[in-house]
Structure formats: C-alpha cells, structure tokens
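A short write-up of the structure that comes next.
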Amino acid sequence: MLDTLLTFAQTTSQAFGDAAMRTLFGRDVRDLPALAPTPRDTVFTDGTASLYRIRRPEGAPAAPRRPLLVVPSMINRWYVLDLRRGASFVEALAAAGHDVFVLDWGVARDEDRHLTWDDVLARLARMVRRVKRITRADRIGMLGYCMGATLMSIFAAQHPDDVAALVNLAGPIDFAQSGLLGHLVEPAWFDAHAVADAGNVSPSQMQSGFTALRPTLNLSKLVNLADRAKQRSAVEGFYAIETWGGDNVPFPGAAYETYITELYQQNRLVRGEHHVAGAVVDLGAITCPILVIGADRDTICPLPAAQALLDHARSTDTKVLVVPGGHVGAVVGSRAAKELYPATAAWLHERLDRP
C-alpha cells in the first residue's frame, strides 16, 4: 500500500515538479514521521523477543507502586503502540507516570517453526518474572492488545498471584463471537495444519487474510487520502500506519496451528478445555481488576469477543470502555489521545497503586 503511494507521489513529481508534489501532500514524501519514537532501553532478551523499559519523561507524575507490562500481538510489530509522536499509547502511559515495560516478540526465524503455543506462554512468563525482578514488585499490571490480550489472559488464569490488574484492549476471548475473521478460518474450509505444515506462516499469508475481510480497503484509503492530501497530519498519519501495516512478521508454525485450531475453531478457552503446559486454563481463577476496551467499528475483535473475559473471570472490579474506531484506528486515531489514553492511564493508576 505504501509502495503504491510512493509510486503515485513520484509520478506526480515528474509530471508537475517537486513543488507540486509537496503542495499536494503537504510535505516532502521523503520526510517521514519517526516511528517508535519514545525513548526506551532493552532490559532483557529471550530468543527473538526483547523486553523494553520505556523512559518516563521529566516532570511525569509519581509512578504507582506496581509496573505495567504491555503485551502486543505476535502477528504485527509491537510499535503500533508507539506509532508516532501524539499517537503513542506507551508514550501517554509513561507521561501519566506509569513504569511501562513492552514485550517485543521479535521476528520469527525459520527454525522457530517448531515454537509451540506452550513455548510462547513460557516466554511471556519469563518476561513477567523479569519485570518483577527489575522492579521488585509483588505483582504487575498487564495490558494486552489483540492476540496479546488473549495470551495475557491465559497467563493471568494460570498465574493469578502475579497480576494486579488486567487491561484487555481488543483481544478475543470468546472466539465464537470473533466475527468475519472467525468465519474466514472455519474448519469446513480452512486447514490450519496444512498451512503450518509448510513452516512459519509468512507475512503475505497473514496479510491476505485481513485483505479478504475488506478487499476494497486499500483503494478507499487512497481515495480518502486524496481528499485530505493538504493536511499535514493526515499524510503523516497515513505514512506511519501504512509503514507499520506493511511491516509484518512470520508467525511460528506450531503456535499458529494451536491458536487457530484450539481457540478460533474449537473455542476451547471459554469452554475450559484449553491446556497450557499440561494444565487447564481456568479463566475463573482471575480475580484482579479488569478493564475491557472495545472499538465500536472493530471487525477483527468485536466487543462481545473481548467482553467475554468478564463473563468467565471472577473479578468484582470490572469496567467496559467503548472507544470510536476500528481495530487499529481506535489505538492510533486522532481521538485516541483524548479518550483512550487518559482513561486507561487513570484506571490503571488507581489499581496499580493499591497496597
């Protein structure tokens, strides 16, 4: 998608000159906004995965007594949560005072085709232990986005004493409510074993599935951009999100097969039939505060799919927050900084600062 725009910009430049191109797009297309701009330090590595600690800016409020671990999806790169200045969830959380750690799953290598679902959860558990060790906290807060929220919830169910509060940001729990994406992988026409048997699931394979949900999306985005081409912020936002959207990573084959088969196709998680490391995953073991965040136009994870966590956990301190936008736009769109970021930061601060 970004390549299409660059080709269009170059053609425009040749036909009308560089000045016309800059006028059309509001700025030189080579002057891209910085991605993942928030300062951070790598504090731990585990295979291809890295653990980052976000630097809190000077003048930030005092941090709550417990830190926060952000768990992104394994399907896309982590920095959608730190996309660009003014559209960065982790930047906003750190500015609000939180001690924020981020798990970067990294890029799966060919040999990672054998990385199992159990291996993924074990890696997440090591990240949690490292955050606790660094901060000397008894428990931590966890914010999971998309598939990261599913993994986070599974971890919390098996390790409830490690978790002080959970935020499920558009992460499916009841896969019977997963909408079009769930329909796309129905076992009647989708064989996850055949896909994973070839090795890691490639970025192009993953992307083609999302494209199938809305085949005309790329065209509509270009048309919409043309209407706003003179708005500097619109062009910068387009470049940032399309760069991230094209920066996909392979999905480890073995883990992918379990994820699709046991969760999407068999819905074992909410049925209490999903096992990790030989132990059943009982969502009823979760008793900590839970915030579920859904987007009102999300076709990847409709609100009922995420909200199901509250139906199965035994938490008494729960809240549902519905924000405007789609699965990605709700997190990085123009209204996120005004609504999503401050509401989440405030909810977490109260829960993570409790004795």
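The values are calculated or read from the model by the stated rules, or taken from the named source; none is laboratory data. Remember, predicted model here, so these are calculated numbers, not experimental data. Counting neighbours? That spans all protein chains shown, and the Cβs are built from the backbone with ideal geometry, glycine included.
Per-structure values
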quantity	calculated
Answer residue from segment 36-82, given it is over 10 Å from the mean Cα position of the chain (by Cα) and aromatic (F, W, Y) and is surrounded by the fewest Cβ atoms within 10 Å (Cβ to Cβ) among those	F44
Count - residues of segment 247-262 that are over 18 Å from the mean Cα position of the chain (by Cα) and either farther than 14 Å from F190 by Cα or among the small types (G, A, S) (or both)	2
Those residues of segment 88-105 which are surrounded by fewer than 24 Cβ atoms within 10 Å (Cβ to Cβ) and farther than 17 Å from L348 by Cβ, in sequence order	D104
Residue in segment 254-264 that is modelled with pLDDT of 95 or more, in a helix (DSSP H, G or I), in contact with a strand residue (DSSP E or B) (Cβ under 9 Å, 6 or more places away or on another chain) and not acidic (D, E) present	yes
Among (1) more than 16 Å from F44 (Cβ to Cβ); (2) under 19 Å from the mean Cα position of the chain (by Cα); (3) of a type in the set (A, V, I, L, M, F, W, C); (4) surrounded by fewer than 22 Cβ atoms within 10 Å (Cβ to Cβ) - the single one A125 does not satisfy	(1)
Sole exception among (1) surrounded by 13 or more Cβ atoms within 10 Å (Cβ to Cβ); (2) modelled with pLDDT under 95; (3) at positive phi for G17, by number	(1)
Some residue of segment 338-349 being in contact with a Cys (Cβ under 7 Å, 6 or more places away or on another chain) and at pLDDT 95 or above	no
Selected residue [within 20 Å of T261 (Cβ to Cβ) and modelled with pLDDT of 95 or more] from L121, L181	L121
Flag if R335 is more than 22 Å from P67 (Cβ to Cβ), surrounded by fewer than 17 Cβ atoms within 10 Å (Cβ to Cβ) and without any contact (Cβ under 8 Å) to a residue 24 or more places away in the chain	yes
Cross-chain or 6+ apart pairs with Cβ under 7 Å, segment 307-322 first and part of a loop (DSSP other than H, G, I, E, B), then of a type in the set (A, V, I, L, M, F, W, C)	A313/L283; A313/I286; A313/I290; R314/I286; S315/I286; S315/C288; S315/I290
Condition check for H327: free of Cβ contacts under 8 Å to residues at least 24 places away in the same chain and within 30 Å of V201 (Cα to Cα)	no
Which listed residue, of A49, A62, A96, is in contact (Cβ under 8 Å) with a residue 60 or more places away in the chain, more than 23 Å from L151 (Cβ to Cβ) and among the hydrophobic types (A, V, I, L, M, F, W, C)	A96
The lone exception for T299 - which of (1) assigned to a helix (DSSP H, G or I); (2) of a type in the set (V, I, T); (3) out of contact with any Asp or Glu (no Cβ under 6 Å at 6 or more places or on another chain) it fails	(1)
